[in-house]
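See structure below.
The values are calculated or read from the model by the stated rules, or taken from the named source; none is laboratory data. It should be emphasised that the depicted structure is a prediction, and the values quoted were computed from it without experimental measurement. Because the Cβ atoms are built from the backbone with ideal geometry, glycine has one as well, and the counts that use them run over all protein chains shown. Ligands, DNA and RNA are stripped out before the accessible areas are found, and what is left, the full protein with its side chains, is counted by its heavy atoms. Shrake-Rupley method; radii C 1.70, N 1.55, O 1.52, S 1.80 Å.
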Amino acid sequence: MTLNGVTKTYGGTRALDDVSLDVTAGAFVALVGGSGSGKSTLIRTINRLVTPDAGHIEIGGADVQDGPAHLLRRRIGHVIQNTGLFPHMSVAANIAIGLRIAGERDPAARVAELLDLVDLPRDFANRMHATLSGGQAQRVGIARALATAPGLMLLDEPFGALDPITRDALGRAYRALHDRLGLTSILVTHDMAEALLMADRVIVLKDGRIAADCTPAELLRGEGGEAARALVEVPKGQAERLAEMTR
């Protein structure tokens, strides 16, 4: 996937400012930065939920603006913080919605396969959203995003509303799925520790521009510049204070 000169302005605010980026197939990339740095806007330009004012985006050599948006989105999984599940629909119906739109008349076998994939019991298929814990609901959201077998997954703060234990467990589970299925994943997160632990590559955005593009190891060595160092110092400082408490 390639972004070339992507720019987006809201009123007088430039949310994205001439962003260019190459993401190789199979990569796990985290987007980090302060609030308003452009993270969510950037991934939403990829699946055409936001139309940039300038620049273009290609997936597999094809411009994302070519062809109907719904066909593009079948090839891109999208997971958001509050799951976006339909409360009036069962777990199975939520997971299968993309399959039914694509013309699948009997998605039961695929739903069962996806429940297995996200480590939920198959009898969850008939449960409703209100009966699920936050972690269970987010697993359903991930299953729904994977239903049409996309190669690219966009994750916009998917674990942000979860308690720390569930967040860590689900992050580990998703990373294992990424590796197992050979996905390309782009994760938006405010949690720098999460980015360092989950991703192979971390991109720091500041004021709509790329301030750093490094591996986690490079960032921990302080090689990402001032904006990146400020973000990395938060989990590093927390780890040091916790270590001092055990001495």
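Values as computed for the structure displayed
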quantity: Residue check for Val50: in a loop (DSSP other than H, G, I, E, B) and of a type in the set (A, V, I, L, M, F, W, C); calculated: yes
quantity: Number of positions in the stretch 139-157 that are open to solvent by less than 30 Å² (accessible area, probe 1.4 Å), in a loop (DSSP other than H, G, I, E, B) and either under 29 Å from Asp106 (Cβ atoms) or β-branched (Val, Ile, Thr) (or both); calculated: 2
quantity: Selection count where residues are farther than 21 Å from Ser20 by Cα and aliphatic (A, V, I, L, M), scope the stretch 204-239; calculated: 7
quantity: Of all residues making up the stretch 140-166, the number that are more than 13 Å from Arg74 (Cβ to Cβ) and out of contact with any Phe, Trp or Tyr (no Cβ under 9 Å at 6 or more places or on another chain); calculated: 11
quantity: Test: residue in the stretch 78-89 that is open to solvent by less than 60 Å² (accessible area, probe 1.4 Å), in a strand (DSSP E or B) and of a type outside the set (Gly, Ala, Ser); calculated: yes
quantity: Residue list for the stretch 111-128, filter: out of contact with any strand residue (DSSP E or B) (no Cβ under 7 Å at 6 or more places or on another chain) and open to solvent by 60 Å² or more (accessible area, probe 1.4 Å); calculated: Glu113, Asp116, Asp119, Pro121, Arg122, Asp123
quantity: One residue from Ala176, Ala211, Ala230 being in contact with a helix residue (DSSP H, G or I) (Cβ under 9 Å, 6 or more places away or on another chain), at pLDDT 90 or above and either exposed (fewer than 12 other Cβ atoms within 10 Å of the Cβ) or not in a loop (DSSP other than H, G, I, E, B) (or both); calculated: Ala211
quantity: One residue from Asp18, Asp22, Asp53, Asp66 being among the acidic types (Asp, Glu), within 17 Å of Val188 (Cα to Cα) and open to solvent by 80 Å² or more (accessible area, probe 1.4 Å); calculated: Asp22
